[in-house]
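Data first, discussion second: the structure below is written as structure tokens.
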Amino acid sequence: MTLCSYSIEAYVRDEFFDRLNALPPAERAAEKLRLEIGALDFELRETDEFLGRFRFQDRGREFKRFSDEIPDGKTREIIDKPQEFGSNTNVDKAHTLVDYGFILDNGLARYERDILAGLESEPDNEYLNAMKKSLDSVRLLLRRADGFLDAELKSAEDFRKAKLAEIKRIVNKVPFEPAEDFREAVQSVWIIHFLLPLAENAWYSISLGRFDQYMYPYYKASLERGMSKAEAKGILRNFYELLNSCADGACLMNVGTPYNELSELLIECQKEFALPSPILGARVSAETPERIWNALIDEKLFSMGQPTFYGEDACVNALAEKGLPREKAARFSNNSCMGIGIAGEEFNSMWGIVFNTSSALEAAVNRGKLLQKDFTVPEIGAVNSIEELYKSFEKAAEYLLSVCEKSYRSRAGLSEKSDPDPFVSLLTKNCIEKRCDRISGAVYHNITVECMGMINAADGICAIDKLVFKNKKYTLNELCQAVKMNFNGYEELRQDILSCPKYGRNSEADDYAVKLAETMQRIIRSFDRGNYIFSPSLHTLDANVAYGGGWGAGFDGRYAGTPFAKNAGCSNCVRKSDPTDLVLSAAKLPQHKFFGGQPIDVNFGTDAVKNHKAEIAALIKVYLSGGGLQFQVNSLSSRLLRDAVDRPEKYPNLVVRIGGYSILFNSISRESKEEFIERAAREGC
């Protein structure tokens, strides 16, 4: 049973709509949080090590929008414009990464003192007052928890009273005061981790950051005071169960670098508990010990899509490219899905812009006109060479991305004005000082620009260059007509396209992907202003299925309605059982310039994971040492996956990695399942 979800926001909006609708937005957000906390129920099981089961029973209410959240006609037109060419924008809350280490060391009382100091000089400041009321709401949660524990103590049998009294003591201390031992630290982290999506109304991908680093001093202190490893594992099991009972449960937990005793315990727990969440983000470098590689390359972990491997040096280089000083970049955390950032300093809009790269290619080769949509990019003429094609592509992409950028800024402005988040903002550096929401107050407002279909477009440009400009077998008009007709009546032409070199085969086609990637990142970065950082990305999760499903055929031979290439990987028709060529192709991309995230996905056979650990480690090392940021794994056979589609009742706990997170296979769409099975089959699994 899910602890809590979007239903609590819908309930509060519906139940108290008139009152909330009349309040200024920041005050409304704080009051909404108070009402949500008041609606929670509490549960404590006999096996629980700390208090964490804050529940809300779904009451099936309508989600009502407040008056100031509804955009006027002109704003709505700007916001929706990218959809005309298959793109989309979104102010994507969640993917939040607060500074848990600072909170554990200082407590929420430190933030409260800063807010109260500000109110001494500005007692009527709306945002500071909303921040204060948000912290008052956290105190309400703790008071309610204390009352619940009092009632539990009165009715408890004697053998439970000591544990209940200890839980009550801890709840009366953290998270407002600093933690001093492992149990207190886990309790503090859980309360904050639960409150973040409650405040944001974004129940997914709340990162735990460098958990093994900031928790290690508390773990070590507790061991010295007599806590056993078994006790620590019991606390972690309780923590993991809560993470997996909280909406989609997608949250990333970094381990390494350096690796410590807690890191290794967390790897052990990941195998033993066999739960989708947390996502284990394994940071590796040349200094990573072989025993760690052996622990991470494990058939049970790989069968759950765990872990994601992150190149330590490559991630630092990516953040330096973003503009961070290298000493700050070295303190990075990986947030949920695939972002790289600094804890407590960022607002991460991980799906800020999803850009349909294929639309720019269509406009470039067809005098600005899209082939299936009534949309024209101005000032695009005929192209007669590969050089002219690249110039037209750049002009088309710049125009279309400017439409997306305008759409995103309109959304962000509306969100900050009508749907602020004073609780998460007070935990974000600079926002208390600036008395504002994190959208404008965060040190870095990251807008990830997902270059959807970029690999398909690169393969298409390669085919155009070969078949039109070099071999002159077809005209550009013929290719356009074939793509427009979904290759109906043009099968020979399509086969010629498919026979052209392709990205993912370590061939000359990679040069086209590199050229396109350089062009895209340069255009994307040109929109940076103030704290807005537009972050190039090849991060699709399984959205490549839906976006490809809604778009026409491609110049790479792709049929209409079929998936785009996944993440930084190749098209499925190009995949082979040996992933070496894919790894070498992807390593050629300017990875550090795509700091929004760009993993590749490889499915290994069970035998390979069990008996060829050294070879798999070598492959991952080659990729990451060559500049690769993220390497994602699975180890599942296409036969098993097909059986899970046909008989889902047999596989209620089958976990797969679909992109930035692992998820129960039964919960993804039929289309995503089919794409997953096709990839696994082509990889020989």
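The values are calculated or read from the model by the stated rules, or taken from the named source; none is laboratory data. This is a predicted model, so every value here is computed, not measured. Note that each Cβ is placed from the backbone with ideal geometry, even for glycine, and that neighbours are counted across all protein chains shown. Side chains included, ligands, DNA and RNA excluded: accessible areas come from the protein's heavy atoms. Shrake-Rupley method; radii C 1.70, N 1.55, O 1.52, S 1.80 Å.
Could you list, in sequence order, the residues of segment 342-394 that are part of a helix (DSSP H, G or I) and of a type in the set (D, E, K, R)?
The answer is GLU362, GLU387, GLU388, LYS391, GLU394.
This table checks each residue for (1) closer than 26 Å to CYS451 by Cα; (2) not hydrophobic (A, V, I, L, M, F, W, C).
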| site | (1), (2) |
| --- | --- |
| ALA608 | no, no |
| ASP646 | no, yes |
| ARG670 | yes, yes |
| LYS673 | yes, yes |
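For residues in segment 198-216 being open to solvent by 30 Å² or more (accessible area, probe 1.4 Å) and modelled with pLDDT of 95 or more, which is farthest from the chain's Cα centre (by Cα)?
Ranking the candidates gives TYR216 first.
Within 30 Å of ARG113 (Cβ to Cβ) and either hydrophobic (A, V, I, L, M, F, W, C) or touching a strand residue (DSSP E or B) at 6+ places or on another chain (Cβ under 8 Å) (or both): which single residue out of CYS462, CYS451, CYS436, CYS404 fits that description?
CYS436
Which of the residues belonging to segment 316-339 are surrounded by fewer than 24 Cβ atoms within 10 Å (Cβ to Cβ) and not in a loop (DSSP other than H, G, I, E, B)?
Answer for segment 316-339, where residues must be surrounded by fewer than 24 Cβ atoms within 10 Å (Cβ to Cβ) and not in a loop (DSSP other than H, G, I, E, B): VAL316, ASN317, LEU319, ALA320, GLU321, LYS322, ARG326, GLU327, LYS328, ALA329.
Quick one: in segment 499-541, which of the residues that are acidic (Asp, Glu) and out of contact with any strand residue (DSSP E or B) (no Cβ under 9 Å at 6 or more places or on another chain) is nearest to THR562 (Cα to Cα)?
Among them, the one singled out is ASP510.
Six or more apart or on different chains, Cβ atoms under 7 Å: show the pairs whose first residue is in segment 26-38 and more than 10 Å from LYS133 (Cβ to Cβ) and whose second is open to solvent by less than 10 Å² (accessible area, probe 1.4 Å) and not in a helix (DSSP H, G or I).
Every condition considered, no pair remains.
Here are some residues: VAL449, VAL468, VAL383. Which one is touching a helix residue (DSSP H, G or I) at 6+ places or on another chain (Cβ under 8 Å) and either surrounded by fewer than 21 Cβ atoms within 10 Å (Cβ to Cβ) or free of Cβ contacts under 8 Å to residues at least 60 places away in the same chain (or both)?
None of the other options fit; the residue is VAL468.
Would you tally the residues in segment 542-552 being assigned to a loop (DSSP other than H, G, I, E, B) and buried (at least 24 other Cβ atoms within 10 Å of the Cβ)?
Qualifying residue count for the region: 1.
Among the residues of segment 217-230, write down those that are open to solvent by 50 Å² or more (accessible area, probe 1.4 Å) and not basic (Lys, Arg).
If the condition is that a residue be open to solvent by 50 Å² or more (accessible area, probe 1.4 Å) and not basic (Lys, Arg), then PRO217, LEU223, GLU224, GLY226, ALA230 are the ones that fit.
Restricting the search to segment 259-284, which residues are open to solvent by 20 Å² or more (accessible area, probe 1.4 Å), modelled with pLDDT of 95 or more and not in a helix (DSSP H, G or I)?
TYR259, ASN260
If GLN630 passes every condition in (1) in contact (Cβ under 8 Å) with a residue 12 or more places away in the chain; (2) under 30 Å from ILE447 (Cβ atoms); (3) among the polar types (S, T, N, Q); (4) open to solvent by 40 Å² or more (accessible area, probe 1.4 Å) but one, which one does it miss?
Among (1) in contact (Cβ under 8 Å) with a residue 12 or more places away in the chain; (2) under 30 Å from ILE447 (Cβ atoms); (3) among the polar types (S, T, N, Q); (4) open to solvent by 40 Å² or more (accessible area, probe 1.4 Å), the lone unmet condition for GLN630 is (4).
Got a sec? Which of PHE63, PHE85, PHE102 is out of contact with any Cys (no Cβ under 7 Å at 6 or more places or on another chain) and closer than 30 Å to SER358 by Cα?
The unique qualifying residue is PHE85.
Which of the residues that make up segment 1-56 are surrounded by fewer than 19 Cβ atoms within 10 Å (Cβ to Cβ), basic (Lys, Arg) and within 30 Å of ILE235 (Cα to Cα)?
If the condition is that a residue be surrounded by fewer than 19 Cβ atoms within 10 Å (Cβ to Cβ), basic (Lys, Arg) and within 30 Å of ILE235 (Cα to Cα), then ARG34, ARG45, ARG55 are the ones that fit.
Quick one: is GLY561 surrounded by fewer than 18 Cβ atoms within 10 Å (Cβ to Cβ) and touching a helix residue (DSSP H, G or I) at 6+ places or on another chain (Cβ under 6 Å)?
Against the criterion (surrounded by fewer than 18 Cβ atoms within 10 Å (Cβ to Cβ) and touching a helix residue (DSSP H, G or I) at 6+ places or on another chain (Cβ under 6 Å)), GLY561 qualifies.
Residues that are β-branched (Val, Ile, Thr) and part of a helix (DSSP H, G or I): does segment 27-37 have at least one?
Yes, that holds for at least one residue.
Out of (1) under 30 Å from PHE347 (Cα atoms); (2) in contact with a strand residue (DSSP E or B) (Cβ under 7 Å, 6 or more places away or on another chain), the odd one out for ALA587 is which?
Answer for ALA587: the failing condition is (2).
Conditions (1) farther than 30 Å from ILE447 by Cα; (2) more than 18 Å from the chain's Cα centre (by Cα); (3) open to solvent by less than 50 Å² (accessible area, probe 1.4 Å), marked per residue:
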{"site": "ASP601", "(1), (2), (3)": "no, no, yes"}
{"site": "ASN611", "(1), (2), (3)": "yes, yes, no"}
{"site": "LEU624", "(1), (2), (3)": "no, yes, yes"}
{"site": "SER635", "(1), (2), (3)": "yes, yes, yes"}
{"site": "GLU671", "(1), (2), (3)": "no, yes, no"}
{"site": "GLU675", "(1), (2), (3)": "no, yes, yes"}
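Pick out the one residue from ASN666, ASN603, ASN653 that is farther than 26 Å from VAL316 by Cβ and either free of Cβ contacts under 8 Å to residues at least 12 places away in the same chain or in contact with a Cys (Cβ under 7 Å, 6 or more places away or on another chain) (or both).
Matching residue, one of ASN666, ASN603, ASN653: ASN603.
Does LEU195 qualify as being open to solvent by less than 60 Å² (accessible area, probe 1.4 Å), in contact with a strand residue (DSSP E or B) (Cβ under 8 Å, 6 or more places away or on another chain), part of a helix (DSSP H, G or I) and at pLDDT 95 or above?
The answer is no for LEU195.
Exactly one of (1) within 22 Å of PRO563 (Cα to Cα); (2) of a type in the set (S, T, N, Q); (3) open to solvent by 10 Å² or more (accessible area, probe 1.4 Å) is unmet by ASN366. Its number?
Here ASN366 clears every test but (1).
Answer yes or no as to whether THR288 is modelled with pLDDT of 95 or more, open to solvent by less than 40 Å² (accessible area, probe 1.4 Å), part of a loop (DSSP other than H, G, I, E, B) and β-branched (Val, Ile, Thr).
So THR288 passes the test.
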